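Scroll down for the structure; my scribbles are underneath it.
The values are calculated or read from the model by the stated rules, or taken from the named source; none is laboratory data. Small disclaimer: the values here were computed from a predicted structure and weren't measured. Every residue, glycine among them, receives a Cβ derived from its backbone with ideal geometry; neighbour counts consider all protein chains shown. Areas reflect the complete protein model, heavy atoms only, side chains present, ligands, DNA and RNA absent. Shrake-Rupley method; radii C 1.70, N 1.55, O 1.52, S 1.80 Å.
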There are 2 protein chains.
Amino acid sequence: MARTVSDVIRVRYDTLTRAERQLADSLLENYPVSGLGSITAVAENAGVSTPTVARMVQKLGYKGYAEFQSHLHQELEATISNPIAKHDRWASNAPGTHILNRFADAITANLRDTLSELDTATFEAAATLLRDRERSIYFVGGRITGSLAEYFFTHMQVIRPKTTLLSNNSSAWPQHVLNMRAGDVLVIFDIRRYEQEMATLAEAAVAAGVVIVLFTDAWRSPVAAHARHVFEVRIEAPSAWDSSVVTLFVVEALIEAVQSATWEETRERMSVLEQLFERSRLFRRPGRNGRAG
Amino acid sequence: MARTVSDVIRVRYDTLTRAERQLADSLLENYPVSGLGSITAVAENAGVSTPTVARMVQKLGYKGYAEFQSHLHQELEATISNPIAKHDRWASNAPGTHILNRFADAITANLRDTLSELDTATFEAAATLLRDRERSIYFVGGRITGSLAEYFFTHMQVIRPKTTLLSNNSSAWPQHVLNMRAGDVLVIFDIRRYEQEMATLAEAAVAAGVVIVLFTDAWRSPVAAHARHVFEVRIEAPSAWDSSVVTLFVVEALIEAVQSATWEETRERMSVLEQLFERSRLFRRPGRNGRAG
DNA sequence: GTGAATCTGAAAAAATCTCTTCACTCCGCC
DNA sequence: GGCGGAGTGAAGAGATTTTTTCAGATTCAC
């Protein structure tokens with residue numbers, strides 16, 4: 001059963017006429033803000049007449065334009081209201097609000113800013129590199145970001161062979177570089193404060209023909225000079241520490257992009273891994289639910 | 001300089017009259033959706049007359065109600081529009097959309113749902129436990145969530161003494177339990193699929209008088225039975241894997257809650273740590289910027 | 001090519017909204 | 001107590017919006 005206005009529009013899209021589709025497209029184009037103005041403004045914006053708007057909303061099952069718009073308002077409310085902030089919006093934007101609210105606001109803004117600056121071509125290119133089973137993939141992070149590198153590695157290790165996690169102790173890096181071949185991929189996490197050794201590592205790797213994918217912040221790590229693909233992530237938080245939430249977001253999206261494109265091959269790996277888990281108590285024993293956690 | 005409508009209202013709040021404040025409160029109560037209807041609806045909703053609304057918006061510097069509302073629309077647009085989705089909203093909610101969009105939608109929903117169900121008392125209680133320097137804090141996670149435990153640990157280690165990260169190899173856990181004292185805190189990450197050993201560990205720890213703080217998902221780990229404080233986090237993502245983004249969000253908020261409440265003590269630790277970094281190449285050498293990354 | 005059905009927008013009618021006027025109330029001050 | 005100023009909402013004028021009507025345009029079938 002269709003619930004949101006946009007759902008209703010999509011479900012009934014086939015039954016719409018030319019001018020109505022034009023209107024529907026306009027509404028969905030910048031949904032739901034585009035439907036917030038007067039019927040006149042909406043009509044003008046879509047390049048149709050006001051009767052067309054009035055007719056369509058009734059055709060969609062609303063009693064009139066007012067009811068249609070009221071539905072949009074309710075949707076907006078459900079979408080934007082921060083549930084904790086809700087019961088005390090007044091205080092919520094003032095200083096001294098609950099940390100969770102301030103964090104939620106900051107992270108939402110970070111996500112938005114990051115996505116708006118993120119080039120989908122970069123994303124696709126990185127995903128393509130990571131799903132290429134001919135290449136070995138190396139992961140490395142700093143003191144804080146090491147956990148992110150590990151998280152990424154843990155997933156990729158299940159999905160594909162030839163994955164290696166570099167410890168975040170730089171003394172062990174040279175041996176790894178020795179093993180790297182041209183075409184291999186080195187995924188580096190380098191958020192301020194940037195670590196000198198990281199740039200050195202990158203330089204050495206590039207000299208060996210390795211392709212570098214870098215996760216950094218808006219101030220850009222010096223590694224960027226050596227990287228082929230750079231993910232610039234927003235990390236500001238109302239905290240003494242930077243936030244890795246959005247970085248993790250991009251990592252997870254990449255994991256899924258790699259996974260879904262190579263599902264056939266991955267499935268086999270996962271089922272073998274599953275059996276190993278089941279068989280041996282030396283490995284972690286899985287619970288009953290259906291996913292890897 | 002005030003920018004958003006809500007800022008303007010707050011800045012001028014002192015200059016408002018009784019009925020106007022009543023209106024302002026109503027507007028901020030469910031900002032900005034409450035300001036989306038007609039001037040009549042807004043007035044009715046706030047329990048004031050329409051002239052009061054008309055007067056106030058002019059007093060706030062808008063030419064009329066129309067201009068006032070148009071500002072709200074612009075704010076809403078900036079707030080809700082997913083920048084990538086924006087240029088192709090139509091496709092954005094349909095299956096087959098870019099992974100980044102689908103992830104962004106899912107994570108936003110997860111964050112909202114998690115926050116709405118999260119008890120701030122639980123949050124405060126957990127933060128209070130973690131900032132108590134008399135207690136030792138232990139962190140443990142599973143195969144995937146181990147990285148989150150490590151991330152949490154890495155920060156807490158800087159902030160306070162007596163923090164320990166348990167490896168995610170369960171064979172090493174018994175020795176750790178041996179060291180735990182009554183009142184110590186064990187932070188457990190257990191997301192589906194739940195690991196049997198985790199519940200065993202929790203049970204043993206509780207028997208030793210340890211307080212357990214648990215991060216789990218909506219299906220609740222069996223550890224929940226032993227935990228004093230449970231964070232139930234949404235993990236659904238349009239992926240074969242679960243999302244840890246919101247879990248990390250809560251962790252970061254907790255870190256800040258602990259950090260800010262004990263800043264005086266933490267500062268000293270951080271500056272000592274800083275000197276250690278500077279002094280020895282055996283440790284990671286920091287970059288030039290002002291934060292720990 | 002003709003006719004019927006459908007679609008569309010101009011225009012007018014009806015409804016609603018925005019804004020202004022104005023009288024009343026409230027409160028402090030003399 | 002009465003005066004003056006500020007605040008408030010009822011009422012209505014004017015503007016705008018929403019809805020309906022209707023005639024021309026378009027499409028499709030035959």
TODO: Select from region B:141-151 the residues that are of a type outside the set (S, T, N, Q) and touching an Asp or Glu at 6+ places or on another chain (Cβ under 9 Å) and list them in ascending order.
DONE: B:GLY141, B:GLY142, B:ARG143, B:ILE144, B:GLY146, B:GLU150, B:TYR151
Open item on the list: For region B:9-36: of the residues being open to solvent by 20 Å² or more (accessible area, probe 1.4 Å) and in a loop (DSSP other than H, G, I, E, B), which is nearest to DNA strand C (Cβ to nearest atom)?
Closed with: B:THR17
Task: Evaluation of A:VAL246 against (1) closer than 27 Å to B:MET270 by Cα; (2) in a helix (DSSP H, G or I); (3) open to solvent by 20 Å² or more (accessible area, probe 1.4 Å) (one fails), failing number - done: (3)
TODO: Determine whether region A:273-283 contains at least one residue that is modelled with pLDDT under 75, within 7 Å of another protein chain (Cβ to nearest Cβ) and not in a helix (DSSP H, G or I).
DONE: no
TODO: Would you confirm whether any residue within region B:247-255 is within 18 Å of B:GLU195 (Cβ to Cβ) and under 21 Å from the mean Cα position of the chain (by Cα)?
DONE: yes
Task: Selection count where residues are more than 15 Å from A:ILE9 (Cα to Cα) and more than 15 Å from DNA strand C (Cβ to nearest atom), scope region A:61-78 - done: 4
Open item on the list: Criterion first (in contact (Cβ under 8 Å) with a residue 12 or more places away in the chain and closer than 13 Å to B:PHE189 by Cβ) does B:VAL246 satisfy it?
Closed with: yes
TODO: Tally the residues that are at pLDDT 90 or above, more than 9 Å from chain B (Cβ to nearest Cβ) and assigned to a loop (DSSP other than H, G, I, E, B), restricting the search to region A:226-236.
DONE: 4
Open item on the list: One residue is enough: does region A:198-212 have a residue meeting the conditions closer than 28 Å to A:ILE107 by Cβ, within 14 Å of chain B (Cβ to nearest Cβ) and modelled with pLDDT under 95?
Closed with: yes
Task: Conditions (1) surrounded by 23 or more Cβ atoms within 10 Å (Cβ to Cβ); (2) of a type outside the set (Val, Ile, Thr); (3) under 30 Å from A:ARG269 (Cβ atoms): number failed by B:ALA253 - done: (3)
Task: Sole exception among (1) within 7 Å of DNA strand C (Cβ to nearest atom); (2) within 13 Å of another protein chain (Cβ to nearest Cβ); (3) polar (S, T, N, Q) for B:THR50, by number - done: (2)
Task: Residue satisfying condition, being at pLDDT 95 or above and more than 30 Å from A:HIS155 (Cα to Cα), within set B:ARG160, B:ARG135, B:ARG131 - done: B:ARG135
Open item on the list: Quick check on my filter: what residues within region A:42-54 are open to solvent by 50 Å² or more (accessible area, probe 1.4 Å) and near DNA strand D (Cβ under 10 Å from one of its atoms)?
Closed with: A:GLU44, A:SER49, A:THR50, A:PRO51
Open item on the list: What pairs come out if I take residues in region A:59-73 that are more than 12 Å from every other protein chain (Cβ to nearest Cβ) and pair them with residues that are among the charged types (D, E, K, R) and more than 11 Å from DNA strand D (Cβ to nearest atom) whose C-beta lies under 7 Å away, six or more apart or interchain?
Closed with: A:LEU60/A:ARG12
Task: In region A:55-64, residue nearest to A:GLU20 (Cα to Cα) [restricted to those that are open to solvent by less than 40 Å² (accessible area, probe 1.4 Å) and within 8 Å of DNA strand D (Cβ to nearest atom)] - done: A:VAL57
Task: Elements of type strands (runs of 3 or more DSSP E) contained in region B:100-206, each with 3 or more residues being charged (D, E, K, R) and open to solvent by less than 20 Å² (accessible area, probe 1.4 Å) - done: none
- [ ] Only residues that are in a loop (DSSP other than H, G, I, E, B) and either under 21 Å from the mean Cα position of the chain (by Cα) or buried (at least 22 other Cβ atoms within 10 Å of the Cβ) (or both): list them for region B:207-225, please.
- [x] B:VAL210, B:ALA218, B:TRP219, B:ARG220, B:SER221
